[in-house]
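Asks: If you scroll down you'll find the structure; I have some questions about it.
Just so it is clear, none of the values below were taken in a lab; they were calculated from the coordinates. None of these values were measured; they are calculated from a predicted model. Glycine also receives a Cβ, built like all others from the backbone with ideal geometry; neighbour counts cover every protein chain displayed.
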Amino acid sequence: MMIQTKREVWLGEINNYFMSFIDGLREVSNRRGFIPFITSGCEGKHMDGSKHYKHQAWDLRIWNMRDPHATADDLRNTLNRDGEKWIVLYGDEYHKDHFHIQTKGEW
C-alpha cells in the first residue's frame with residue numbers, strides 16, 4: 001500500500017490508533033481503487049481539544065476518489081466493523097473538501 005502526504009504533514013507518532021486507521025484505509029482504498037493522501041496529522045490549526053493534537057485524528061484529500069460520499073460511508077463502516085470506535089466526517093460545512101477521521105474516546 002502506498003500513502004501520500006502533503007509535505008508539511010506531521011504524524012507525530014505511529015500508535016495503535018494510527019495502525020487501526022491504516023488497516024481500514026488500506027482495505028477501502030484497495031476496494032475503491034484510490035491512493036490515500038493524508039493532508040493533516042497533528043500539525044496545523046485545529047479546534048481546541050482536537051483529536052489531531054492527541055495523534056487520534058487525520059484528514060484525507062478526496063480529489064482522487066470517484067464517489068467521496070460512498071467512500072466515506074465505506075470507510076466508516078469498515079473502521080467500525082468491530083464496534084463504534086471511529087467518526088468519519090465528510091460533507092458538512094467544515095468537511096466539504098476532505099474527510100476527517102478520528103477516534104471515539106480512548107481505547
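Asks: Which residue is nearest to LEU75 (Cα to Cα), if the candidates are limited to region 29-40 and must be surrounded by 13 or more Cβ atoms within 10 Å (Cβ to Cβ) and either aliphatic (A, V, I, L, M) or in contact with a Leu (Cβ under 8 Å, 6 or more places away or on another chain) (or both)?
Replies: Out of the qualifying residues, it is PRO36.
Asks: Is it the case that some residue within region 11-28 is out of contact with any Leu (no Cβ under 7 Å at 6 or more places or on another chain), crowded, with 18+ Cβ neighbours inside 10 Å and among the acidic types (Asp, Glu)?
Replies: No, region 11-28 contains no residue that is out of contact with any Leu (no Cβ under 7 Å at 6 or more places or on another chain), crowded, with 18+ Cβ neighbours inside 10 Å and among the acidic types (Asp, Glu).
Asks: Further, regarding this structure: State all residues of region 50-107 that are farther than 14 Å from TYR17 by Cβ and in contact with a Gly (Cβ under 7 Å, 6 or more places away or on another chain); if no residue qualifies, say none.
Replies: Those that are farther than 14 Å from TYR17 by Cβ and in contact with a Gly (Cβ under 7 Å, 6 or more places away or on another chain): HIS69, LEU75, THR78.
Asks: Taking LEU89, is it in contact with a His (Cβ under 9 Å, 6 or more places away or on another chain) and among the aliphatic types (A, V, I, L, M)?
Replies: Taking the combined requirement at face value, the residue satisfies it.
Asks: Further question: Would you mind stating whether ASN80 is loosely packed, with under 15 Cβ neighbours inside 10 Å, of a type in the set (S, T, N, Q) and out of contact with any Asp or Glu (no Cβ under 6 Å at 6 or more places or on another chain)?
Replies: No; evaluated as a whole, the condition is false for this residue.
Asks: Then there's this: Among residues belonging to region 41-59 that are closer than 16 Å to GLU13 by Cβ and hydrophobic (A, V, I, L, M, F, W, C), point out the one that is surrounded by the fewest Cβ atoms within 10 Å (Cβ to Cβ).
Replies: The extreme case among them is CYS42.
Asks: Could you give every pair whose Cβ atoms fall below 7 Å, whose first residue belongs to region 34-58 and is among the hydroxyl-bearing types (Ser, Thr, Tyr), and whose second residue is not in a strand (DSSP E or B), counting only separations of at least 6 or pairs across chains?
Replies: Sorted first by the residue in region 34-58, then by its partner, the pairs are THR39/LYS6; THR39/VAL9; SER40/VAL9; SER40/HIS52; TYR53/CYS42; TYR53/HIS46.
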